[in-house]
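Here the structure is laid out as structure tokens; the discussion comes afterwards.
Nothing in this text is a laboratory measurement; each read-out follows from the coordinates by a stated rule. What you see is a predicted model, and the numbers here were worked out from it, not measured in a lab. Backbone-built Cβ (ideal geometry, glycine too); neighbour counts: all protein chains shown.
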Amino acid sequence: MAAIEMRNIVKEYGDGFKAVNDVSLDIADGEFMILVGPSGCGKSTLLRMIVGLEDITSGDMLIGGDRVNEKAPRDRNLSMVFQNYALYPHLTVFENIAFPLRLNKKIKEEEIQTRVRDAASMLELDEHLDRKPANLSGGQRQRVAMGRAIVRRVNAFLFDEPLSNLDAKLRGQMRTEISRMQRRLGTTTVYVTHDQTEAMTLGDRVAVLRRGLLQQVASPRELYEQPVNMFVAGFIGSPPMNFMPAVVSGNRLTLPFLEADVPATAAGKVTDGQLLIAGLRPEHFEDARLLDPVKRERGVTFRAPVDVTEWLGDSQYAYIPFESNPEVAEELAKLAAELDSEALRSQLIISIDAMSRLRENHEAEFWADTGRLHLFDPRTGENLT
Ligand code: ATP
């Protein structure tokens, strides 16, 4: 096991395009780190530079304290699991898992037997050790690929979207297994995904990338509660955080449908009359009729028209359009393009109790947990709260 340290890592492709731009990231020994971000943000490139499949343009990559920039992949002692796992069709499950061990002539047969059976038991493959890959399901095959990765004693495991070819149910199962396996083995792990749930449930910490730049590295809870900027705020959470224009008036904010206090943490950073972007997550709204009195005191109630509702069984989404004055609308459209954000539309998406009986195209009374309001600087996207 080993720590992985990245110092000012840059990956520049031929035309001067920086796929990874000055990334510094320390992954502690035994830590489970998630790399997440939209398509093309550079997460796979970063992973490939750790493994040695991609040259590093500048910066230093350290594994276990050693600089590995010029080390061949086989000398870095890492195990990688890809999205498209390649198993040997003519070998049994046992031999597929044992394969990397057989390459090392120093490992005795007895040890191979123990390690393969251990890995297989962890991945619930015990009963399939004599089968060939053709006779396994997709999920079982992916487990064999994982078994082959964990059977070696390595510095770290690297996963590149290993579950994206599996259906939703299997993904859920495998997620739990990966998490359990990593905790049991305690091996440093770097895991690339664009799946929200994987990012929020698997890792100790999550590194969010955008256009080659590291945005924030934090625990899942901190990312959710304290995103550093609008990009992270809009990227983490589903449906995404609602963004709406907010105008400062003294220590109050005027938002579509409601007013709220300027959050204490933002006081002093905003000026009278300033246009800001306020952010509030869909789950921080509720149907006012279903609200308990304690909650009612904490937030603000307001009336708003419901455009469309979507019933999900355990909750429902209501879509609430709002109008901004044309100048504000134009500002928001510019920001939306800059942030590639779908969240910046002139509507709120709110997630409320499934019991709530809302009628489309009718007004209803809602409640907003304004204590959870974020305020963003519209020029920089920085979170001021
Ligand atoms: P995805 O989730 O779609 O796999 P990603 O975040 O893993 O995306 P990368 O594969 O790391 O993204 O690619 C980062 C950027 O570098 C992309 O814009 C991609 O087009 C570019 N890129 C990757 N490989 C090359 C290459 N060999 N030559 C030029 N540009 C490349």
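Things to note:
- Relative contact order, whole percent, for segment 27-166 stands at 32, derived from Cα pairs under 8 Å and 6 or more residues apart.
- Candidates 236, 107, 277, ranked by Gaussian network fluctuation over the chain, Cα under 10 Å, top entry: 107
- The sum of -39500 (n - 2.57) across all DSSP H runs of n ≥ 4, divided by the residue count of the chain, sets its helix-only mean residue ellipticity at 222 nm to -8000 deg cm²/dmol.
- Note on the chain: GNM, Cα springs under 10 Å; of 80, 241, 355, the largest mean-square fluctuation is that of 355.
- Each 5 Å bin from zero holds the following percent of Cα-Cα pairs in segment 4-231: 1, 7, 14, 18, 19, 16, 12, 8, 4, 1, 0.
- If only the Cβ of Lys and Arg carry +1 and only the Cβ of Asp and Glu carry -1, the dipole of the chain around its Cα centre is close to 1520 debye.
- Estimated FRET transfer efficiency (residue 204, residue 95; beta-carbon r; R0 45 Å; 0.05): 0.85
- Equivalent-ellipsoid semi-axes of segment 235-376, from the Cα gyration tensor, Å, largest first: 24, 18, 13
- Taken along the Cα-to-beta-carbon direction at a fixed 7 Å, the label points for residue 334 and residue 222 span 3.3 nm.
- Set of aspartates and glutamates near residue 108 by C-alpha distance (under 15 Å), chain-local residues within fewer than 8 positions excluded: 95
- Kirkwood Rh and Cα Rg combined as Rg/Rh, the chain: 1.05
- Fewest-first ranking of 112, 9, using other Cβ atoms within 10 Å as the exposure measure: 112, 9
- Legend: Rg and Dmax of segment 16-126, from Cα coordinates, 17.2, 52 Å.
- Rounded to 5, percent antiparallel among DSSP beta bridges of the chain: 75 percent
- The chain: most fluctuating residue of 375, 101, 214 per GNM, C-alpha cutoff 10 Å: 101
- Dipole-positive endmost among 21, 230, 320 within the chain (Cβ charges, Cα centre): 21
- As a length-normalised measure over Cα pairs under 8 Å and 6 or more apart, the relative contact order of segment 99-155 settles at 47 percent.
- Computed from point charges on the beta carbon alone (+1 for Lys and Arg, -1 for Asp and Glu), the dipole magnitude for segment 4-231 about its Cα centre is near 440 Debye.
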